[in-house]
Amino acid sequence: MRLPILMYHKIDRLPPPPGARHPRNYVLPEQFDAQLAALRRWGYQTISFGDWLAYRRGAGTLPRRPIILTFDDGYRSTYEIAWPLLQRHGSTATVFLVSDLIGKTNAWDADEIQEPLLGPGEIAAMRAGHIEFGSHTKTHVALTTLPPPRAIAELRDSRIALERLLGDTVRVLCYPYGKHNSAVRILARETGYEAAVIARRRLNSPATDPLRLARLRMDPNTRLESLRWTLIQLRWLFWT
Ligand SMILES: [Zn+2]
């Protein structure tokens, strides 16, 4: 069993605003729509991290070609633009939230254009539609730069805050900036996470360390044919 995980940030109607520092984080709705349609055509079915963890434990089955779609940071556009497209294609996704910034903006990115983040009402509506939520820590700080007590607070307090908000357990983490090391991974496990994601051009297998699940970065230049060949090539050659 090979599991691709795709990493998105913002699905937005407009091309990146002129001042955007990270234009590669924007994917147009038409592109996303076409990607969802193509994934289904190629036989992929979206699953949650909960499904993957259950499968690894021997407690559940998976479709023949599972795939996980993830959204970092929890921009409001995830609700306004991505969510209707996900529903139209019968797909699900996992959204990583910064727990101190629910309903605020991407304050961690002081030099970047400030965009609204999901609020409690939008999160509740998506949750009711079976969108899975995970933690992207409390304040989106690089965990590798923190002394352990502060890293523990970022990990544990965000999990507790999100569980209170969602009324459900939170077991998946997205390391801010993808920064992690063995100490951070140990703290993540000790503070209650069963899975965590990084950016790496690999597919995952049941043997992959669940605290180091690889994700493929999706950007405005990802063409359907190259996505298709990437998935085929990685399935045979590059998985962990
Ligand atoms: Zn982020």
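The values are calculated or read from the model by the stated rules, or taken from the named source; none is laboratory data. Every value quoted in this text rests on a predicted model; they were computed, and no experiment measured them. Positions of Cβ are generated from backbone atoms using ideal geometry, with glycine treated the same way; all protein chains shown enter the neighbour counts. All accessible areas refer to the heavy atoms of the entire protein, side chains included, with ligands and DNA or RNA removed. Shrake-Rupley method; radii C 1.70, N 1.55, O 1.52, S 1.80 Å.
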Subject >> Helical contribution to [θ] at 222 nm, DSSP H n ≥ 4, -39,500 (n - 2.57), averaged over the chain, rounded to 500 >> reply: -10000 deg cm²/dmol
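Per residue, how much accessible area does segment 71-224 show when a 1.4 Å probe rolls over the protein heavy atoms, in square angstrom? Intermediate values should be presented prior to the final figure.
Details: 6400 Å² over 154 residues.
Spelled out: the 1.4 Å probe surface of segment 71-224, per residue, equals 42 Å².
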**OP:** In a Gaussian network model over the chain where Cα atoms closer than 10 Å are linked, find which of Leu213, Leu187, Leu14 has the largest mean-square fluctuation.
**Re:** Leu14
**OP:** Kindly identify the chain as rounded, prolate or oblate by the Cα gyration tensor criterion: order the square roots of the eigenvalues as a ≥ b ≥ c, call it rounded if a/c is under 1.5, otherwise compare a/b with b/c, prolate if a/b is larger, else oblate.
**Re:** rounded
Original post:
Within a Cβ distance under 12 Å of Thr46, other residues only, what is the Lys/Arg minus Asp/Glu net charge?
Top reply: 0
Subject >> Potential lengthening between Met1 and Arg217 on full extension [0.36 nm per residue; Cα-Cα distance subtracted] >> reply: 75.7 nm
Subject >> Rounded FRET efficiency, nearest 0.05, which uses the C-beta distance separating Arg21 from Glu225 and R0 of 25 Å >> reply: 0.30
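Just the number, please: carbon plus sulfur as a percent of the accessible area of the chain, 1.4 Å probe, no ligands or DNA/RNA counted.
On the way: 5670 of 10850 Å².
On the chain, the fraction of accessible area on carbon and sulfur atoms equals 52 percent.
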